[in-house]
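Chemist: Sharing a structure, written as structure tokens. Questions coming.
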């Protein structure tokens, strides 16, 4: 993963942020982790100082104990990112935290624009933990949302799971 440094503001020239590179096609890439590069007023950071800061941040980021922790760090700078929240819910499920996973799926399913994959995964998780009636409701609502969003593939998948539960 490439990283780039960007100055936070003119008022605090010594504070720089490590960001996703612009070529990732993410509109207005948001900072992932902040770096502090000590500078004198008006001074720009040297190439080696930026390399050292990026290397330090990359090391801290890569040495985090789990994928969940990495996702949580990224969510701090992009709390509305549905894909990151979905991935975090999946990680909680992998770790055996079904209730926390379901809470995150619920926020995705009730968002202004519901995140259709959350319905599929929440329905499967509910079925797995024995909450079959809740799973049926989730799949039914998910099918409606998928159809409203013209996602016939997801609607078909959920219809298959729903049929298997009846």
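Yes/no matrix, rows are residues, columns are (1) surrounded by 17 or more Cβ atoms within 10 Å (Cβ to Cβ); (2) part of a loop (DSSP other than H, G, I, E, B):
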{"residue": "105", "(1), (2)": "yes, no"}
{"residue": "111", "(1), (2)": "no, yes"}
{"residue": "114", "(1), (2)": "yes, yes"}
{"residue": "122", "(1), (2)": "yes, no"}
{"residue": "136", "(1), (2)": "yes, no"}
{"residue": "140", "(1), (2)": "no, no"}
{"residue": "145", "(1), (2)": "yes, no"}
{"residue": "158", "(1), (2)": "yes, no"}
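Chemist: While we're looking at this one, here's another question. Hey, among 118, 112, which residue is touching a residue at least 12 places away in the same chain (Cβ under 8 Å) and either within 21 Å of residue 149 (Cβ to Cβ) or touching a helix residue (DSSP H, G or I) at 6+ places or on another chain (Cβ under 6 Å) (or both)?
Modeler: From the options 118, 112, the qualifying one is 118.
Every read-out reported here was derived from the displayed coordinates using simple, explicitly stated rules and does not represent laboratory data. As the structure is a prediction and not an experimental result, all values here were calculated from the model. When we count neighbours, we look across all protein chains shown, and the Cβ atoms used for this are built from the backbone with ideal geometry, even at glycine.
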